Each structure stands twice: as C-alpha cells, then as structure tokens.
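Chemist: The structure that follows is given in the form of structure tokens.
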Amino acid sequence: MIPLIVMKKITVFLASLLFVSVANAAANPFMGDAQNQVAFFLGQGFDNGYIVPLPYHIVPFYIVQGQYSQPATFFRLPARQSLNIAETIGLGKKYGWDWRKFTIPIVLASGDVALLYGDNWYTGLGAGVGLQAQQNERLGAKLLFQFKLLYGYRINEKWAIELYAQHFSNANTAKENHSYAFYGIGVTRNF
C-alpha cells in the first residue's frame, strides 16, 4: 500500500485537476469542435488496492456511469471537466467480501487531461472528488477520490470509444481504505 504522506500529496495534486479553465474546443482531442459531451461507461471490478489497478482478482462488482463534460485546459494541455453519476453493483461474494453490500450510487466531479494524442486517438489521466450515498466497511467514508487512466479513439466528430482503468479511494481519510478498482469501456457523444 502507499504511505499516508504520499497518498495525501497525490490527492492534493489530483484534486487540483478539478480547477481548470474553459478552453476553445477546436483543439481538444476529447471533443473536437463540440462544446458538450455525454458519455456512458461500464466497468468490471477487481479486488486490489493499487492506484493503477492490476488486472487480476476479478470480482462480481461492476460500475455503470453517466458523464456530462465540457472542454477545458489544464496548464495549457487540452482537458475536459465533467459531472458524473455512477452506480456500483455487487452481485455475490468473493475474496472474503460480500460485494452486494457495495451497491451504492456515487456523484463525482472530475477532470481528464489529454497527455498524448493524434488525429483520431488520445490518452489521458483523470482525477475526481465525489460522494457515495453511504459509507461501508470497504472504504469507511462517503468522501471518494478517483484516479483514472484512459485511451480513446474518435470514430468521427460526434462519437468516440474509450477504454479506462479507474480507482476510487478515500485517500486514507477514514480507518478502512480497501478501494474500488475497475477496468471498463465507454462511448462518448459530442454535440
């Protein structure tokens, strides 16, 4: 696990991604010329606590997420700022956890930054801060911090597909901090 001081520094940096300025969408690889974007994501859960989830220990835990975004910049890098509504869905027991207990709605404000991109593709890093409707023995807090790695492919000016790895944690703000981790796929629609 990551030491507390390192986790706090990472959390402060990632939370700063939320304070971005509005950008001209024409140069934004997430959105092309559009000023708005909606997205739908599905994710498969994994039982591990790393910021970048390792793809093993698949569990019966899923996430369904809707997102609304607008173009932004972060230190002159193209970005998007988003509001998210998600639902985690647990369906059984595995690795000592009853995943059904973690079926909880989440609201989240997030930001994604495009690090490398071309004409039809982009890679990015994201962070967010949100609340889950109830705390539980896995995270021990309603307050959540999110870290995300993503790869997107723009099919055309309106549609794109994204692959992602996503980590939710309380950043050691509570006694329990076992995290949620997901790999998933999504589709975005620009308008």
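Chemist: Looking at VAL64, VAL52, which is the one that is in a strand (DSSP E or B) and open to solvent by 10 Å² or more (accessible area, probe 1.4 Å)?
Modeler: Checking each option against the conditions leaves just VAL64.
Chemist: Among the residues of the stretch 72-110 satisfying the criterion of being within 15 Å of GLY130 (Cβ to Cβ) and polar (S, T, N, Q), which is most open to solvent (accessible area, probe 1.4 Å)?
Modeler: Ranking the candidates gives GLN81 first.
Chemist: With the checklist (1) free of Cβ contacts under 8 Å to residues at least 60 places away in the same chain; (2) open to solvent by 10 Å² or more (accessible area, probe 1.4 Å); (3) in contact with an Asp or Glu (Cβ under 8 Å, 6 or more places away or on another chain) in hand, flag the one item VAL187 doesn't pass.
Modeler: All conditions pass for VAL187, except number (1).
Chemist: A further question follows. Being part of a strand (DSSP E or B) and either of a type in the set (Lys, Arg) or modelled with pLDDT under 55 (or both) is the filter here, so list the residues in the stretch 1-49 that pass it.
Modeler: SER21, VAL22
Chemist: When you go through (1) more than 12 Å from the chain's Cα centre (by Cα); (2) closer than 30 Å to GLN35 by Cβ; (3) open to solvent by 30 Å² or more (accessible area, probe 1.4 Å) one by one for LYS175, which number turns out not to apply?
Modeler: Of the numbered conditions (1) more than 12 Å from the chain's Cα centre (by Cα); (2) closer than 30 Å to GLN35 by Cβ; (3) open to solvent by 30 Å² or more (accessible area, probe 1.4 Å), the odd one out for LYS175 is (2).
Chemist: Just a yes or no: is a residue in the stretch 97-105 within 18 Å of the chain's Cα centre (by Cα) and part of a strand (DSSP E or B)?
Modeler: Among the residues of the stretch 97-105, at least one is within 18 Å of the chain's Cα centre (by Cα) and part of a strand (DSSP E or B), which makes the answer yes.
Chemist: Give me the residue from the stretch 157-172 that is modelled with pLDDT of 95 or more and open to solvent by 60 Å² or more (accessible area, probe 1.4 Å) and, out of that set, nearest to TRP121 (Cα to Cα).
Modeler: Among residues in the stretch 157-172 that are modelled with pLDDT of 95 or more and open to solvent by 60 Å² or more (accessible area, probe 1.4 Å), the one nearest to TRP121 (Cα to Cα) is ILE161.
Chemist: Oh, and also: Being open to solvent by less than 60 Å² (accessible area, probe 1.4 Å) and assigned to a loop (DSSP other than H, G, I, E, B) is the requirement here; does ALA181 meet it?
Modeler: Judged against the criteria, ALA181 is not a match.
The values are calculated or read from the model by the stated rules, or taken from the named source; none is laboratory data. This structure is a prediction, so every number in the text was calculated from the model and none was measured. Cβ coordinates were reconstructed from backbone atoms using ideal geometry, including for glycine residues, and neighbour counts include every protein chain displayed. Remember, those area values only see protein heavy atoms, side chains included, never the ligands or the DNA or RNA. Shrake-Rupley method; radii C 1.70, N 1.55, O 1.52, S 1.80 Å.
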